[in-house]
Amino acid sequence: MRPALVTVAALALMLSFACQRPAVQPVAKGPATVPAAIVEVSGGKQVSTIGTPLDQPLVIQVNDAQGAAVAGASVRFHSAPGVIFQPASGITGSDGQFTFAVALGGMAGRYQIVATTTGASGKAIELRMDELALGFEQNQGRQLSDLYCTRCHDPESTAERVSNHDNLTAQAHAFSDGAFLNKMSDADLMAIIQHGGPALGKSAEMPPYGRTLSKSGIQALAAYIRAVADPPHQPGEAVYAQR
Ligand code: HEC
């Protein structure tokens, strides 16, 4: 698709999300309340591919010092150049919430989305949310993972797939489990995928994929596992946000 068409398709998709709004929260009564915090309702930590909109809209809520929702608060959003917000600013509804759609930029990596409102004496109040854009190879890894790996490595079942995680004796970790997977070297990561658990003295419940997948497929899986690691695989890894 040409870039212009991609943008139009992205915006159309984003507009369709912008209309959704979750359950109503209690609203502060009495005199006008002053924003003291912005909290995330939903939409953080999504994984998308470069240049495509996030699947879910981001929903934030502005609260006062007592934790009650603040209606009519002005909010605005920013991130790295190339990130598109739909809309980029607005006013919280009667539930104190605001819903907006986001398309990440053209570079693979973590993006920090910053929502800002104004508190007492003009103080800026911020909420930061992390979103991830996968590059081409990482996205290939995600597709292979969906096909071959998630049924054991993701404890959650979906409509299309029943998780096998709880049937396993050894514990298969979610690929986003950076605390565990970041400690494995690249060589060990490749070895366990290629030759199975016993290659690293681990359980044979982890099957070998050296005959099923090409070397580049296994590399793509490793690239995907590194990309989704939370905490990030490399501390201080680029966060494409303007501070
Ligand atoms: C049939 C279930 C099953 C499938 C399918 C499976 N794994 Fe595993 N995997 C395991 C188990 C169980 C372990 C833990 C082994 C241990 O600790 O003894 C494991 C361990 C691993 C580890 C080491 C980190 C960890 O979670 O302990 C990596 C990396 C890994 N698997 C990658 C993959 C990849 C990539 C695929 C898909 C190509 C895949 N696995 C498919 C069951 C599975």
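The values are calculated or read from the model by the stated rules, or taken from the named source; none is laboratory data. Note that the coordinates shown come from a computational prediction; the quantities given were computed from them, not determined experimentally. Every residue, glycine among them, receives a Cβ derived from its backbone with ideal geometry; neighbour counts consider all protein chains shown. Just so you know, the surface numbers come from the protein's heavy atoms only, side chains and all, with ligands and any DNA or RNA stripped out. Shrake-Rupley method; radii C 1.70, N 1.55, O 1.52, S 1.80 Å.
Below is a table of values for the structure above.
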| item | result |
| --- | --- |
| Cβ pairs under 9 Å, 6+ apart, first in segment 70-90 and assigned to a loop (DSSP other than H, G, I, E, B) and open to solvent by 20 Å² or more (accessible area, probe 1.4 Å), second of a type in the set (S, T, N, Q) and at pLDDT 95 or above | Ala71/Thr92; Ala71/Ser94; Gly72/Thr92; Gly72/Ser94 |
| Count - residues of segment 93-115 that are open to solvent by 10 Å² or more (accessible area, probe 1.4 Å) and part of a strand (DSSP E or B) | 4 |
| Selection status of Thr118, modelled with pLDDT of 95 or more, open to solvent by 40 Å² or more (accessible area, probe 1.4 Å) and over 15 Å from Tyr224 (Cα atoms) | yes |
| Meets criteria (within 26 Å of Ile50 (Cα to Cα) and of a type outside the set (D, E, K, R)) for Thr169 | no |
| Total residues in segment 143-160, condition within 11 Å of the ligand (Cβ to nearest atom) and either open to solvent by less than 50 Å² (accessible area, probe 1.4 Å) or more than 21 Å from Arg211 (Cβ to Cβ) (or both) | 7 |
| Subset of segment 185-199 [under 21 Å from Arg151 (Cβ atoms) and either within 8 Å of the ligand (Cβ to nearest atom) or open to solvent by less than 30 Å² (accessible area, probe 1.4 Å) (or both)] | Leu189, Ile192, Ile193, Gly196, Gly197 |
| So Gln138, is it under 16 Å from the mean Cα position of the chain (by Cα), open to solvent by less than 30 Å² (accessible area, probe 1.4 Å) and either in contact (Cβ under 8 Å) with a residue 60 or more places away in the chain or under 16 Å from Ala37 (Cβ atoms) (or both) | no |
| Output for segment 202-230, where each listed residue is open to solvent by 30 Å² or more (accessible area, probe 1.4 Å), of a type outside the set (Ser, Thr, Tyr) and more than 8 Å from the ligand (Cβ to nearest atom) | Ala204, Pro208, Gly210, Arg211, Lys215, Gln219, Arg226, Asp230 |
